[in-house]
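Single-structure report; data block below.
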Number of protein chains: 2
Amino acid sequence: MRQGTKSKILDAAERLFAERGFADTSLRLITSHAEVNLASVNYHFGSKKELIQAVLMRYLEQFMPLVDKAMQEHIESATPPNLDQVFSSFIDPLLEMNQVKKHGTAMFLLLLGRGYTDSQGHLRKFITHHFGEVLSRFQDAVRLAYPELSDSDIFWRLHFTLGTVVFTMASSTALKEIASADFNEELNTEGLIRKVIPYLAAGVGAPT
Amino acid sequence: MRQGTKSKILDAAERLFAERGFADTSLRLITSHAEVNLASVNYHFGSKKELIQAVLMRYLEQFMPLVDKAMQEHIESATPPNLDQVFSSFIDPLLEMNQVKKHGTAMFLLLLGRGYTDSQGHLRKFITHHFGEVLSRFQDAVRLAYPELSDSDIFWRLHFTLGTVVFTMASSTALKEIASADFNEELNTEGLIRKVIPYLAAGVGAPT
DNA sequence: TTAAAAATAAAACACCTGTTTAAAATCTAC
DNA sequence: GTAGATTTTAAACAGGTGTTTTATTTTTAA
């Protein structure tokens, strides 16, 4: 066989989750698109919940080390970074997801968004459990760039930021269509990322 | 009877939608909480989709005229507004939702968030269809506050803003718990709104 | 009071859900 | 080549979904 059952399931699940969300994507839909037997999902992954985590894990374990490295560099640098630099550190890791797979960047952000907003947010716990240190390293870099900001304000503004990114990606298809019709502006994922960075940096850098 | 069937359904549906999302809330769950017959949902509202719209409509038809009035005042004012003023115009209409019903503000924003991110985004079309003029009046006020910003950038940044608000509210319960545990900071919905306004104004006002 | 309209109720409809079982097929190593 | 483990398959399981039908009750108006 060209491709193992497990990875055929992951590929189909990933596409469908991004398109329709987790709740609206049935295992039967996934397995029919993947052209595998229904029972193989439970055989290989245990449950639907674990399949969702496996789909995201494939991206996270590529993405997080790259972010971590960039934040480390900011922290260990002789001169403290500014917010634009900190946020721009996400651009390369995000675009690297396109190497992993076609439209990987958009898909990763889409999945992340769905994971954070869909029911119960069990993915939030999953992510903070597996990658908590990376997130706190990011927090450290922001603190260096804006030392006057309290820990509480850093916390809140970073979540505002996450919201902006995640929501924008979740609606990006619809938004790109409107922008294309209204402004004759064809934007790809990279263009969108570069549009949002100044917004985020200014927001986090706002006076309190 | 104390309360009509129709409004008992709306109240129960609203609470459950906000807690669990649209897809994860069944009509049977709604009707059992509302203590009405299952069939009464389809009798009074036609379908689940129309029930969702009715739940949001109850808030929107209170909220939108207030926003519209505030934006009109900015537009007709002799001196152009600044971005902080434009965004602060949302505070009162949002808090007014608490008069409509206990925890109304939080619930309204929660529902709005779910509606924008849940499947297919049919609520986005519903809102732009019913309240398109209000949204474009908001756009006009932003243009007055920041004339150098292109229409395309206004469009994108306002959607970034919507993302911030909607995502923050959708995760607000979890976030408030973390903030309470980590920073001994008890934040209510109004406090959260006042925390997010400077962030939004700075983001939209960022240089391009 | 009575006839028409509106609302409620219980039951059935047709279909979809994630998961499990048990048999068959395939692959792996001796 | 054959025994054993791994993987795939079809079928069933137990329960949930939104919606519709039919009958009954309640409300409204003449």
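Answer yes if at least one residue in the range A:49-56 is within 16 Å of DNA strand D (Cβ to nearest atom) and open to solvent by 50 Å² or more (accessible area, probe 1.4 Å), and no otherwise. Yes, the range A:49-56 has at least one match. Is it true that some residue in the range A:33-44 is assigned to a loop (DSSP other than H, G, I, E, B), β-branched (Val, Ile, Thr) and within 16 Å of DNA strand C (Cβ to nearest atom)? Looking for residues that are assigned to a loop (DSSP other than H, G, I, E, B), β-branched (Val, Ile, Thr) and within 16 Å of DNA strand C (Cβ to nearest atom), one finds at least one in the range A:33-44, hence yes.
Would you confirm, using the coordinates I've provided, whether B:Ala39 is surrounded by fewer than 17 Cβ atoms within 10 Å (Cβ to Cβ) and small (Gly, Ala, Ser)? Yes, satisfied. When A:Pro81 is tested against (1) in a helix (DSSP H, G or I); (2) more than 13 Å from DNA strand C (Cβ to nearest atom), just one condition goes unmet, and that condition is (1).
For the range A:179-186, the criterion of being facing another protein chain (nearest Cβ under 7 Å) and not in a helix (DSSP H, G or I) is met by at least one residue.
When A:Ile52, A:Ile127 are checked against the criterion of being within 16 Å of DNA strand C (Cβ to nearest atom), in contact (Cβ under 8 Å) with a residue 60 or more places away in the chain, touching a Gly at 6+ places or on another chain (Cβ under 8 Å) and not assigned by TED's automatic domain parsing to the domain that holds A:Ala18, a single residue qualifies: A:Ile52. Considering each residue of the range A:73-95 in turn, at least one proves to be within 22 Å of the chain's Cα centre (by Cα), open to solvent by 20 Å² or more (accessible area, probe 1.4 Å), more than 20 Å from A:Thr161 (Cα to Cα) and modelled with pLDDT of 95 or more.
For the range A:99-110, filtering for residues that are open to solvent by 60 Å² or more (accessible area, probe 1.4 Å), farther than 15 Å from A:Met64 by Cβ and either part of a helix (DSSP H, G or I) or in contact (Cβ under 8 Å) with a residue 12 or more places away in the chain (or both) leaves 2.
When residues in the range B:191-208 are screened for being open to solvent by 70 Å² or more (accessible area, probe 1.4 Å) and more than 14 Å from A:Pro207 (Cα to Cα), 2 of them pass.
The values are calculated or read from the model by the stated rules, or taken from the named source; none is laboratory data. These figures come from a predicted structure and were not determined experimentally. A quick note on method: Cβ atoms are made from the backbone with ideal geometry, for glycine too, and the neighbour counts reach across all protein chains shown. Surface accessibility is based on the protein's heavy atoms, side chains included, excluding ligands, DNA and RNA. Shrake-Rupley method; radii C 1.70, N 1.55, O 1.52, S 1.80 Å.
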